[in-house]
Every structure is written in structure tokens, then in C-alpha cells.
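Here's the structure we're looking at; comments come further down.
The values are calculated or read from the model by the stated rules, or taken from the named source; none is laboratory data. This structure is a prediction, so every number in the text was calculated from the model and none was measured. Cβ sites come from the backbone with ideal geometry, for glycine too, and all protein chains shown count toward neighbours. Accessible surface areas use protein heavy atoms only, side chains included; no ligands, DNA or RNA. Shrake-Rupley method; radii C 1.70, N 1.55, O 1.52, S 1.80 Å.
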Amino acid sequence: MTDTLADHADAGLRRGEPLIEMTGIGKSYGAIRALRGINLRVNAGEVTCVLGDNGAGKSTLIKIMSGLHPHNEGSLKVDGKELTFASPREALDHGIATVYQDLAVVSLMEVWRNFFLGSELTAGRFPLAGMKIKDMKRIADEELRKMGIVVKDINQPIGTLSGGQRQCVAIARAVYFGARVLILDEPTAALGVKQSGVVLKYTAAARDAGLGVVFITHNPHHAYLVGDHFIILKLGGTALDKNRSEVGLDELTTQMAGGDELTELSHELGR
Amino acid sequence: MTDTLADHADAGLRRGEPLIEMTGIGKSYGAIRALRGINLRVNAGEVTCVLGDNGAGKSTLIKIMSGLHPHNEGSLKVDGKELTFASPREALDHGIATVYQDLAVVSLMEVWRNFFLGSELTAGRFPLAGMKIKDMKRIADEELRKMGIVVKDINQPIGTLSGGQRQCVAIARAVYFGARVLILDEPTAALGVKQSGVVLKYTAAARDAGLGVVFITHNPHHAYLVGDHFIILKLGGTALDKNRSEVGLDELTTQMAGGDELTELSHELGR
Amino acid sequence: DGGRQETTDNSGGGGNAPGSSGYTIAMITHETPGDTFWDKIKSGAQQAAKDEGVTLKYSNDPDASKQAVLIQNAVDSKVNGIATTLVTPDALAGSVKAATDAKIPVVGLNAGIDQYQKLGALMYFGSDETVAGTSAGERIAAAGAKHPLCVIHQAGSVSLEARCAGAKSAAPGTENIQVNGADDSSVTSTLQAKLAQDKSIDYIITLGAPIALDALKAKDAAGSSAKVVTFDLNAEIAQQVQDGKVEFSIDQQPYVQGYLAVSSLYLYLKNGNDIGGGKPVLTGPSFVDKTNIDKILPFTKTNTR
Amino acid sequence: MTHVQTSPPSTAPPSDSANRVTLGLSNRILARPEVGALVAAILIFVFFLVSAPAFRSGESFFTVLYQSSTIGIVAVGVGLLMIGGEFDLSAGVITTTAGLVNSMVCWYFGMNLWVGAILSLVFCLFIGFVNGFLVMKTGIPSFLITLGTFFVLQGANLGVTKLVTGSVSSADISQIDGFASLQKIFSSSFKIGPVTVWITVIWWILFVALAAWILQRTRTGNWIYAVGGNPDSARAVGVPVIRTKIGLFMTVSFLGWFIGMHTLYRFNTLQAGNGVGNEFLYIIAAVVGGTLLTGGYGNAIGVAIGAFIFGMTSLGIVYAGWDPNWFKAFLGVMLLLAVLVNLYVKRMSTARKVG
Amino acid sequence: MTHVQTSPPSTAPPSDSANRVTLGLSNRILARPEVGALVAAILIFVFFLVSAPAFRSGESFFTVLYQSSTIGIVAVGVGLLMIGGEFDLSAGVITTTAGLVNSMVCWYFGMNLWVGAILSLVFCLFIGFVNGFLVMKTGIPSFLITLGTFFVLQGANLGVTKLVTGSVSSADISQIDGFASLQKIFSSSFKIGPVTVWITVIWWILFVALAAWILQRTRTGNWIYAVGGNPDSARAVGVPVIRTKIGLFMTVSFLGWFIGMHTLYRFNTLQAGNGVGNEFLYIIAAVVGGTLLTGGYGNAIGVAIGAFIFGMTSLGIVYAGWDPNWFKAFLGVMLLLAVLVNLYVKRMSTARKVG
Ligand SMILES: Nc1ncnc2c1ncn2[C@@H]1O[C@H](COP(=O)(O)OP(=O)(O)OP(=O)(O)O)[C@@H](O)[C@H]1O
Ligand SMILES: Nc1ncnc2c1ncn2[C@@H]1O[C@H](COP(=O)(O)OP(=O)(O)OP(=O)(O)O)[C@@H](O)[C@H]1O
Ligand SMILES: [Mg+2]
Ligand SMILES: [Mg+2]
């Protein structure tokens, strides 16, 4: 998988160059204002962690980057050019791949079809050209095995997989197709310790391959393990925006938890 | 909320008495055998943690307890009587409330309707009797606030809430209606640090109120904070089955992660 | 009270065992299921089959292309004779030819008076829809109709349109309206609306007996003084004719059409007869009005008129 | 049990979230699901007022109401069923079946019509039960099951009527005992000034009000939304999915029976082939009124407005005296316009920002 | 870039999971979506062989095939569209529209029929495009949009035909230039021994094969399943949802045009009211063949078998000479049986455990 990352990474990426720049981004859903005044840069070869409470607007933020929703305010620059993505297809064409929190898999379709959905391997550009089905099955199976996931049958509908297994398929897919930017919305939420470890390693590998990574998580430990830059959202606004050098794990945790932490909790619970 | 727990808890519960006993439980989905030979006891006033890899069969196990799927093999005793639940309704009638991993909310319905779905407050038993809508809205709002969640409008369709907010509604509902047994399938997966803390406190409060709690998580820290008994599943079978006194956090972590741990990982990632 | 009268069944008569003559005859029509008019054609055909010991295979579809397939069906089944309506002669030509090629005699009924010979059918029993419409038009025009309303209860039906066109040719003020024939309430309120919209309507021409009953209701509700005339008969309409609520009914004697179509094939097969001597046999239009209703009324109760 | 923490968890309950907005009255009204349909109905109404002089009278309005009520009564049931996530294609023919059973049983055996009406009701409820039972037990989509029932009833209507009466229409029942009282209930009318009001209009309003109450304010309504929106989740939290859905099918066949009684007692005889095609009018009314085809969303008043839009349009075209050959084309355009207006209003209500 | 870890993550790739099972050949065959429909088709076939002597001939079989092909060709498109999560209620009338446009344009302006056929094709594709475009742009369910188109086309067929020809059927075109060649393509037949084979049967097989290929083996097929199964997810991973769905609507109207051409060149004239109601036969064929009404699941061969079941049943009843009054009842029972068998086979295939 990590070799895949290197294979698929855009060779022209230079560490530190800004891939996505957001300035004063805001977004409303009807009467609900989910985001306002967000500034964020995604640099090549860096992991930007977005943290925050439930409902703070993290998913909304990355949906704007990945072309799922247009923003209402502010400007979005990709590779220096200002644009608004009309569809996720456009974002993918810029090499931006996303793992959505609500996963974006089609339950009734087979695992391998889901893996390649939207980026099928075909024998030619002709619309009726056959897909390379054998290759697609093999690759999907291999990439999942690299994450430590063996599905019972690569032909089974993805709806019959467990929550974590589905999550892994979505991650493996994004890693496989992400050439410049990889966006992960709570990728480790449903994962076991082992699988979480694998995902963190992937994140690091993607960074090392020069990709810009946006990593959303509720786990400050996970965030601190891989992050180069940290942003905490609160009620749609920015509450903290610092580089790794400026912030420690403790401060991060305190900011996120609003004072509570597990050790403290453990006293409170009397164990 | 914790007061609610005490209010709603069955007054006849005696700490340590077995509420649910499973012996040799097995379950197949068509050709796929998801569980086999599982023995498990849920005791009043204890938290039983079920851990395991993705796809190990944890959700399947709790779906059997909560009446969603019948088991194929083995026996299930509730309050000493052997039975197979025909529907989740029956389980609820035994005071068993569940938070499902895939949440069981109806996206198009309002938050408060979802909260009370299946257990509505009505003015009488007559089928056309009106619901106590004001009370229902108030209670739903209160219970959510106690978890630190303020939805913008208790009348908004639950589908427009963020992932974590929806999770909180499901938890608050189960806590409110669980009188004897509370089953939580990865309740903290989508939650922020603050909300996770709240859920852990609820879990502890439920235990203290004498309920039997089944807690599924991938986080050994969370598990160890509240657990009295630990079961690790592997590929549908039991890999570990120990009381708190017999097992330490380290052993638990090692067993779950198969040797990997965050600290180790952090070395590997070179940070 | 108004329940079933314990009558001895005199409509059936004696009859032979089906197929005792050894012939199988297929009748294919463009019936829309459940229409009383077609039910009488069917009854006539069944009675003839019974009388002559013929096995009758009846099938129907209002869609011309499906009717063509049904004729093909009969050919495949190697029946001895085929009786079919020819409402869309061009569309059925191919299938009729397949039948004549297979040496199966074909007779036409009900519609297709101009084309049946061209298609290769031997005989024809029926009236001409346009002629029937025209004679209705003439009669009401003579009675002073200025602005009749012709009610089409099945959109796009060729035979219904032909009737209205005929009426219009004789009474130029005729206007058409479409109603949903499968819903009496809807027919009634649509007609009621039309009568309210255009108070000058002085005649309502309905093209089926049940629709005429709805028209009477609509007329009353709208307080209109328009007169009602109709095509086809049933027991209730016969009663209304007697009571003077319906001016007249144009009867093309469907029972006769069905009966003769089957009998003629039987006679042709058995005896080489050619009924009509190369000319169509007209079964209508015959007017049923106050002058002759008393004679006809009893027959409508047995579903033969 | 003394260990129970009675203090709330240390996280103090947060106050109202900063970006919480309260909607103004106008927005709250606009957000109701039936408002879009209502605006569409008003527009079409005004349109016909302007373009069809004959439309501008109390009589016409009540003719429209009558026409709408004969569709609308069954449409209420169909709407509930669709909110519950299922279809019933047999809802059109069952009206005819209901009338035929009543009429033929009484005519053949010489019974009082009341007995026949009750037998017919039992029979219709049974059909509804069978529909629901088969859908739930086999897992075959209701579209198919009720398509089967539709065909079977359609065939049986014809076949049995022919067997019993020797023709394809039922006999006149107006002379049989019980006719007068049943006609009072199902198809009487009264005058208010020059205007004839059919009792079906009253019944329609009652049924709509009842359905609206059930949907919005009762537990059963909650269950209907839930089984339509997400039956798996509903089952998981203890909603009796099977019972609810079977009940909905039976509601539809009850209302179908009701309209069957109306038709029978208004017209005295029935054509065995009638009723076919009306099932789609009911579905159209429900959907034009804002019911989601996939279930889980909708509203009884919306369905009533949908039926009204349909009745008004189909008669309005006649009142306007437009070329009948183009009838269907006008109808199609009107329906599309109604739906577009509905949608536009809904968009307005969510897009407008307050404060 | 030299930092890239090229060794796989430390977790060694696990071997096959212990409870992974391989299905036997028989189970893999049973699990294919079209097998259930096939078994049902065979059962019904055998049933009619036994009960209808007239059914037992090559001629009858090919008449059934012909009848099935005229439904089946459009049903292929409707099936694809339904897999893609949408309905098209205008698929029935568009066949008539197609024929009428061709016939009346050529008759009125004295053009070569080829020109008319191509104009008609362009027009039909345009209708399909409008259907798709409106559905995607307004977000109104396709059921409603195409219901509107259905009404509009139905009205226009009648209104325009009346205007142009003065009657409700089109003029005979068999004398106009180009007839012979077009008839060859769309509605010729040839004999194999005593059996007449219509060219539509060949076309049907071709279209089904093409559709099966597209669904199973091409990228487009993948997209069709995805937009039907979960359009939001499909869009999120970059599937061009709008383009795919519009393409499906245009496919349906193309196949509708094709059957329109067949009808025109076989019968030379067309009745303006025809085609109405066929849209449901297409949907029935698709659903009996195992297509999910809610989209995302189905199969072209299944749809073909569904059309065959429908054609066989409706003609088999005629061959068997059963009372035509009960026709619909028989049809309904047969359809329910077909669906039940289909379901039973599917259950068998997933419940049976191997090893
Ligand atoms: N489609 C929508 N319509 C209306 N409101 C929405 C919609 N999607 C999100 N919201 C609202 O926007 C706010 C931000 O939601 P978002 O999903 O971005 O939160 P989040 O930070 O990802 O939370 P979590 O950690 O729980 O996933 C929430 O209050 C949510 O209710
Ligand atoms: N409805 C189903 N049909 C077929 N297979 C299923 C179904 N539900 C679950 N499975 C399979 O059963 C196994 C156990 O699934 P389960 O959901 O119980 O795992 P889990 O331990 O909860 O995993 P996770 O931690 O990822 O939630 C998995 O291999 C899954 O693919
Ligand atoms: Mg989120
Ligand atoms: Mg799980």
C-alpha cells in the first residue's frame, strides 16, 4: 500500500508548496451557519489535523475541499488558482481524494466495484470498452490485505461488511487514488487498534510521499502522532491554529477536551 | 441524565445477579459464519466490555442480545428463562436498550420523534390518543443538553445533524429507556473528547444504578476505565475472557492490538 | 323487492355439447374488458356456438398490434375459422393474410365494412360506425339540434371517434368531449362541468349505455334541459327510453353480430354457404325509441338486446 | 444504589449554541410540507378563475370539490400508505369490487343491503390484510404484490359478475331493502342556496382531519413515518413494523370500500370493468401533495390539496372549454407546474435566512 | 521522496480468514440474479405445455417470442433506468409518438420515410433528454416528471394527429419512398420451416446482450448500479451522476422509438391513442425479472426473462382457451407465482451452506 502511495503520488510535488489555500471560507445550510471565516492551508508533505467538538463544522470544511458542497463565502485556491469545485469529480481530477465520514459506499455493490467506483480500469476509452475486472479484483483484494483486512469474498456486497471493514475499503480506495491531496474524515473512528495503526502509518507514508494530508480526528494522541499543523474548530469558527512546534500534546488535549482528560476522568470514575 | 438513570432503573435489580446468559451462541449469515461458541454473562451492576478486530463479530453478538437477529446455535437466557427474541420490541420489554453501531435513526424524522420512537409518551392507551408532544420535546432537549449537545432545533430532521450529534441522540435515548440492561456498540467512536467523557460517566452511572452494561469499543483505555469483565473476540470465537482482577490494561492492549501500540507506533513513525 | 327474479333460464335454449360439430372458431375483438356492448357480442357468439356445437375461443385486446398477435395466435392454434373485428384494417391486414394463407376462413364483424373484402375476409356482419353516427346526427338535427355534445369515453378510440365524426357531418354544431369511462363519478362531474360551461348544449350523444345513465345524472345536477340520445342498449337505458328520459338509442344489435359471425363460419365450413351473397350484412343502425321500446324491453333483461 | 451520582456530569450543560437560529413565523409557515401544494393550488385556482368564466360560481366550486372528494378519500389512505413506504395498485379496482360484492350478494340472495355492505367491508379489509401480510411475509415489494391483487380483482370483478348476473354490470339495487338509509350515508347531497353539497365532501374533510391528527399527534403516526423512512431502524427501536404496515394496507382498502359504497349508492348499478386506472390518480394526488414516493415524508393535508389540484385541473379544463383532444396535454402541463411551484416554495423556505 | 517506506506496514498481511467459505458451483449459479426468474419461466412454460395443446408448436413459441420482444426491447431500457434508480412513465406513449412523427411528417410534407425516421429519432432522444434534465435539475422524482411527459405526449399524439389527418389514426404510409428498406430493418420476418421469425426477436436478443455487457463489464454499467444504489455516494466518488441518468432516459426513449418504428412499419398506420398502459408492462417485466424498484440492483437477462414470462403468460392463457373474463385474474396469479418462485430460488441460494 505504501509502495502504492509512492507509485501514485504526483511526481511534481515539492514539499511545503501550498496545494489548497482557503481564506475566509464560510458555509450555510439554509438557515444554519455551519462555518465562518476559516483560513487553512494544505501544504505538500505535511499533515494538517482538524479537531473539534461534535457539530463544530469539520466535515463541512472538508466537504468544501473535496467538491461535495460549494462554499458561500471566502475563497478557495487550488494550486494557486481560485476556483469553486462544481463536483467531486473535479476535485478528484485535481488529485484530491477523500474518505467521507459517512463513507460514500454503495451498499448493494460488490466490494471491488466500490473500490474502483468512479475510477474504473478500462481496456480503452470507448464507452463500451470492457473493464479489466480480474485486475480490479486483484488490486482491491491486495490493497485491503495490506491494511490487515481480509473480506470473505471480494464479490460480496459491501453492505454485508462490518462497519470497520467498510471504513477500511474507503480508506484503501482514497489512498490508492489520491495523487496530491488525501483528506481523511475520522478514518480511525470505527477501527480496531491494529487497523488504526495501519491508517496512521499510511498517513505518514502519504506525507512522506509528498502528498498534502488533511486528517480529522477526535483522538488527540492520533493527531499528535502524525500532525504538522493543528486547527481546532469551535461552533463553526477557528479556536486554535498552530504549527506542531508551537503546541504540545497537553495543550492540544486541554483545548479539545475543555479541561477534561481521561486520567482526570479515571479519578472521577474512581478506578 | 444520571438522575434519569436512577429514575428509570428497575428497582428490583440486585448487584451481581445474572441478567443475560449466553451459552455456546453461534450465528451464520447465509454461508458466512459470523459467531461460534460464545459464552457470556451480563450481570447487574457490572460493565462487560467486548473488544476485538473489525469484523470479529461484536455487533453480531449484541444484535442477538437485543433481538435484532435470532441466533442459530446455543442458548440465550434472560433472567434465567431461556428464550429467543422474536423482535427488538421483546428485548425492550425486558428492559434491554441498545445503541446500534449503525444507529437506528430515521433520517427524515425530527430529533425529538427519533428520541421517543417506539416508546412514545401518550395521553392514553387508545390508539388515537394524542402524544404529549410538549413533554417529549422538553425531555429530548434536556437529555441532549446533559450530554453537552445542543441541537440547533429539536424539530430539525435528525439527518441534518453531524455524525457525532446523531450518536449522542442514540445514546441519550438508550440511557433514558434502558431499565435493566444497556448495550452500547462503539458509542464513543464518532465522539469528541468531551462527549466521550460524558458517555463514559453515563456508563459508570448506569453500572452504579445496578444495570447490566455491555460496552463495545476499540479503545482499550476507554474499556479499562469502566469495564468489570473483558471479552475479546477473534474471527467469531472468544480469544480472551477475563475479569478486571485477572487482567491489566497492558495485557488488554497487547491482546487487542496484536503487539502494536501507540507508543511503539510513535517510534516507528519517527516522532 | 328488487332482487333477482327466480326465472327459468330461457336465453340459453337447448344447445349442443361444445365441439360436437368438430369445429373450433376463434373470435377476436378490440373489446376493452368490461363493456356491456361487447358482452352482448360475446353472448351472441356463445349462443351460436352452443346451437351449432362449435368450440368458441374468444380473445380481445383494444391495442391494434396486440389484436394482430391474437389473430396470429388463432392461426398458430389451427382453428377452423376466425371471426374478427376490423376497426384498424391496415394494422390487421398482415395477420388476416396469415390466416387466409393458412386456408383458415375469416369473417369480419362490427367494424371494417369498407375494407373487409380487400383484406380477404369472406363475409361481414355489422353496421358502419360513421353511418350510424350520421343517422343519429340526422335524426337530432331534424329534431332541431343546434349544439350537440358527443361524449367520447375512451380517448383515441377509432370507432368512437368515427361515430362522433358521423354525427358532426349531419349536425355541424357537434362538439366532442373526453371523459374517463372507467369512473362514473368522474363522467358525471365532467359532463356537469361542460353543461355549466356551455349552456347552449341541447343534445348529449353518449356512445355507450352506462355513459348515458351518467349523462342523465349530470343533466339533472346541472339543471340543463339538454336531451340525451345514446348508442347501445341495456336494461336501464331501455327503461329510460320507455320513461322518455332518453330520446332514442341507436342499436347495432351486437348480439346478432356475434351470433351471425359464428353461425356463418359454421355454415361455410359445413355447407359452403356465403351469407350476404358477397355483400356486407347490416345489423344496424336500428333506432330504439318510444315507438318500439315495449317490444324490445323484455329482451334487454336477458342481455340479448 | 446509593452510589448513583445525582449531580449532572461535570460538563456544565451548554447554553444555546451560538449559531442557533430561530425561524420567523413566515419561515415556519413556509416550511410546512403542505404549503407548497397550497400555493400551487391557489395559483391554479386563480388561473382558472381568470380564464374560465364558467368556473366562477359556487356550483362549479362544489362540483370540483365533489370530484376531488371521490379521488381524495382514497388518496388519503394511499398517502398514509406511501408515507409508510408502500404502494397499493389495487386501490382503484377495490372500489368496484366493494360495490359489486355488496350489490350482487344482496341481489342474488335477496338480503338487506346493510348485510351486504358489511360483508363487503369485511371482504375489503381481508384483501387489504392479504396485501399487507404477503408484502411483509415474503419481502416482495408491494408494487408487485398489489399489482397481482389488482389483476386478480380486475379479473374476478368481471368473471364473477358475468357468472352471477349474466352480464358485465351489476343489477339495479335501488328497490332492495336498506337502500334509502345507505344512500343517506354514502351519497346524499344537500343544498346550500343554489349550491349542491355532496356528503362525500364532508366525509373527505373528516377523513383528512383524522389522518392529519394521526400523523402529527399520535404514536401511530410516529410509527408510520418511521416504517416508511427506515423500517430497519424502526424495527430496531421496537416499532411494530409489520402491524403498522398491514394496518395501512387495511386503511386503504377501507377507504376504497367507502368510495365503492358511494359509487354504488349513487349510480345503483356498477360496470364490472370500472375503477381501473384510478389507483394512479390516488398516487398522483399524494405525490403532488408533497408525499415522498420512497416513503417517510408527507402529510395528510398535502394529499388533500393534491387531490383538489387534480380535480380542479381536470374539470377546469372543461370549464375553460379547451379542445378536448389536448385534454391530457393540458393536464400534464398543469401537474408539472403544480409540482414545480411546490418545489419552489419549499426551496424558498429553506434558503431564506433569518436574523 | 526517498523517505517513502517501501516495506509493507508491520502487520503482516493475514492469510485467508478462517471463516471464509467458498461457494460451490451450484450455489454460485443459484446466486445469479436472473436464475430465479429463469426457474419461474421454465415452470410456467411447462405448465402451459401441459395445459394448452395449442401452445405445443414451434409457431406458437415464436409468436410468444415475438410478443415478448415487442415488450422486451423497451423493457431492457426501462430495466437499465430502474437499476439507475428512476422511472419512465412516458415509455409507453413515446412508441406511438415516434411512429406518428415519422408517419405524419412524411405524409404531410411528402418526404422520404428515412428523413422522417431520423427526425423522429432526434425528437425522441430530445424527449428523453428533457425527462432526464428536468429530473436532475429540479430534483422532482422522475415518477412525476415522466407522468407529466406521459400526459403531454398522450394529449399531443391525439391533438396533433387530429389536426394533421383529421382523424385519430395516421395515414397509410406504405406507398411513400423508403418504406421497403425501413420495413426490412424494423419489421421483416423470415421463415424457418413452418415457423415465422420476426426480426424484432433478433433485435431483442442483440439489445439484451448489449445491455448485459454494459451492466456487467463496462464502466458505464458500474455507474448505472452506483447512481441507482446511492446517488450521493456515487457523486462523492466522482461518478457523473447527471450524465449517467440523462443517458439512461435517452436510452429508454431510443428503444421506445425503435418499437415505434416497428409498429409503424409493420402496420403502416397508427392509432394515436395506442401505447398507453404499456409503460407498466415494461416495469412489470423489469420487476418480475428481479430488478429492484428502488434501484441499484438488477440485470438485463433477468429483464428479458421477465418480458418473456409476461408474453408467455398473456398468450398462454389465450392458447389454453380460458374464459377471457378471467384473463386478468389468471395473469395476476401467474405473475405472483413467478415472483414467488424467483424469491424462493434466491432464498435457497443464500441459505444453503457449503462445507
Ligand atoms: N445537510 C445539512 N443540512 C443542515 N444542517 C447541516 C447539514 N450538514 C451539517 N449540518 C449542520 O452543520 C453543523 C456542522 O456539521 P458537521 O457535520 O460539519 O460537524 P462535524 O464537525 O463534522 O461533527 P462530527 O464530529 O460530529 O462529525 C452541525 O450543526 C450540523 O447540524
Ligand atoms: N447482514 C450480513 N450479511 C452477511 N454477512 C454479515 C452481515 N452482517 C455482518 N456480516 C459479517 O459478519 C462478520 C461480523 O460482522 P460484525 O458486524 O459483527 O463485526 P464487528 O465485530 O462489529 O466489526 P466492527 O468492529 O468493524 O464493527 C463480518 O465478517 C461481516 O462481514
Ligand atoms: Mg463530521
Ligand atoms: Mg460492529
Stokes-Einstein at 37 °C, 0.692 mPa s, Kirkwood radius from Cα pairs: D for segment D:157-197 in µm² s⁻¹?
-> 258 µm²/s
Any idea what the dipole of chain B comes to, in debye rounded to 20, about its Cα centre with Lys/Arg Cβ at +1 and Asp/Glu Cβ at -1?
-> 700 debye
Report, in whole Å, the centroid distance computed from the Cα atoms of segment C:54-93 and segment E:80-96.
-> 29 Å
Amide H of A:L19: which non-local residues (sequence gap of 5 or more, or other chain) have their own amide H closer than 5 Å, using H built in the peptide plane?
-> A:V42, A:N43, A:A44
Among the aspartates and glutamates, select those whose C-alpha is under 18 Å from the C-alpha of C:K78, and discard any that sit fewer than 8 residues away in the same chain.
-> C:D101, E:E59
Summing -39500 (n - 2.57) over the DSSP H runs of n ≥ 4 in chain C and dividing by its residue number, what mean residue ellipticity at 222 nm do you reach, to the nearest 500 deg cm²/dmol?
-> -14000 deg cm²/dmol
Please work out the Cα center distance from segment A:93-132 to segment C:227-305, rounded to the nearest Å.
-> 69 Å
Can you give the relative contact order of chain E as a percent, counting alpha carbon pairs under 8 Å and 6+ residues apart?
-> 36 percent
Starting from the Cα of B:D93, step 7 Å along the direction of its Cβ; do the same at B:R138; then give the gap between the two resulting points in nm.
-> 3.1 nm
Could you work out the local net charge near C:G166, counting Lys and Arg as +1, Asp and Glu as -1, over the other residues with Cβ closer than 10 Å to its Cβ?
-> -2
Phi-based couplings in Hz for segment C:232-248 (Karplus 6.51, -1.76, 1.60; Gly and Pro marked x) | 6, 10, 8, 4, 5, 5, 4, 4, 5, 5, 4, 6, x, 6, 10, 4, 7
What accessible area per residue, rounded to a whole number of Å², is obtained for segment C:72-163 using a probe radius of 1.4 Å?
-> 31 Å²
Calculate for chain B the 222 nm mean residue ellipticity that helices alone would give, adding -39,500 (n - 2.57) per DSSP H run of length 4 or more and normalising by residue count, nearest 500 deg cm²/dmol.
-> -10000 deg cm²/dmol
What is the spin-label model distance, in nm, from D:Q216 to C:D274 if the labels are put 7 Å beyond Cα along the C-beta direction?
-> 7.8 nm
Interface C:D - total buried accessible surface [probe 1.4 Å, Å², rounded to 100] = 3100 Å²
In a Debye calculation with equal point scatterers on the alpha-carbon sites of chain C and no solvent, what is log10 I(q)/I(0) at q = 0.12, 0.13 Å⁻¹?
-> -0.79, -0.91
Interface call, segment A:66-97: threshold 40 Å², probe 1.4 Å, accessible heavy-atom surface of protein chains, chain by itself vs complex, result A:L68, A:P88
With the dipole of chain E worked out from charges on the C-beta (+1 for Lys and Arg, -1 for Asp and Glu) around the Cα centre, which of E:T218, E:F109, E:S188 lies farthest toward the positive end?
-> E:T218
Would you mind telling me the antiparallel percentage of the DSSP bridges in chain C, rounded to 5?
-> 10 percent
Average beta carbon contacts from partner chains per residue of D:140-148, 10 Å cutoff = 6
Accessible surface, per residue, of chain B when the full set of protein chains is kept, probe 1.4 Å, Å² | 33 Å²
Segment E:165-202 to segment B:203-217: how many Å between their Cα centroids?
-> 77 Å
Dipole magnitude of the protein assembly as shown about its Cα centre, charges +1 at Lys/Arg Cβ and -1 at Asp/Glu Cβ only, in debye to the nearest 20?
-> 320 debye
With 5 Å bins from zero, work out the P(r) of segment E:151-275 over every alpha carbon pair and list the percent per bin.
-> 2, 9, 13, 15, 14, 13, 12, 10, 7, 4, 1, 0
For chain D, size of Cβ-based charge dipole, Lys and Arg +1, Asp and Glu -1, in debye | 780 debye
In the protein assembly as shown, what percent of the accessible surface is made up of carbon and sulfur (1.4 Å probe, ligands and nucleic acids excluded)?
-> 59 percent
Rg and Dmax of the protein assembly as shown, using alpha carbons, in Å: what are they?
-> 35.9, 113
Residues whose built amide H sits under 5 Å from the amide H of C:F125, excluding neighbours closer than 5 in sequence, are C:G108, C:L109, C:N110, C:V281
Computed [θ] at 222 nm, deg cm²/dmol, chain D (DSSP H ≥ 4; -39,500 (n - 2.57); rounded to nearest 500) | -23500 deg cm²/dmol
Might you tell me the accessible area per residue for segment D:32-354, computed with a 1.4 Å probe and given in Å²?
-> 32 Å²
Tell me: how much accessible area in total is hidden between D and B, 1.4 Å probe, Å², nearest 100?
-> 3700 Å²
Along the dipole axis of chain C (charges at Cβ: +1 for Lys and Arg, -1 for Asp and Glu; origin at the Cα centre), the most positive-end residue among C:A235, C:V131, C:V187 is C:V131
Output ³J(HN,Hα) for segment D:279-285: one whole-Hz value per residue in order, computed from phi by the Karplus curve 6.51 cos²θ - 1.76 cosθ + 1.60 with θ = phi - 60°, and x for Gly and Pro.
-> 3, 6, 4, 4, 5, 4, 4
Estimate for me the total accessible surface buried between chains B and A (protein heavy atoms, probe 1.4 Å, no ligands or nucleic acids), in Å² to the nearest 100.
-> 3800 Å²
Non-local amide H neighbours of A:V99 (under 5 Å, H modeled in plane, Pro and chain starts lacking H): which ones?
-> A:I183, A:L184, A:D185
Distance in nm between label sites at B:L128 and E:I42, each 7 Å beyond Cα in the beta-carbon direction?
-> 5.5 nm
Set Lys and Arg Cβ to +1 and Asp and Glu Cβ to -1, take the dipole of chain A about its Cα centre, and tell me which of A:I20, A:P220, A:G159 lies farthest positive.
-> A:G159
Find the Rg to Rh ratio for chain A, where Rh is the Kirkwood radius over alpha-carbon pairs and Rg uses the same atoms.
-> 0.98
Average partner chain C-beta neighbours within 10 Å, per residue of C:166-175?
-> 0
Longest principal axis of chain D (C-alpha) makes with the long axis of helix D:199-217 (C-alpha) an angle, in degrees to the nearest 10, of 30 degrees
Take the Cα of B:S75, step 7 Å along the line toward its Cβ, and report every residue of segment B:179-215 whose backbone nitrogen sits under 13 Å from that point.
-> none
By DSSP, what percent of the beta bridges with both residues in chain B are antiparallel, rounded to the nearest 5?
-> 55 percent
When chain D is turned about an axis onto chain E, which of its residues keeps its C-beta closest to that axis, and how many Å is it?
-> D:T294, 3
What's the average, rounded to a whole number, of partner chain beta-carbon atoms within 10 Å of each residue's beta-carbon in B:45-56?
-> 4
Return the ratio Rg/(2.2 N^0.38 Å) for chain E, where Rg is computed over Cα atoms only.
-> 1.13
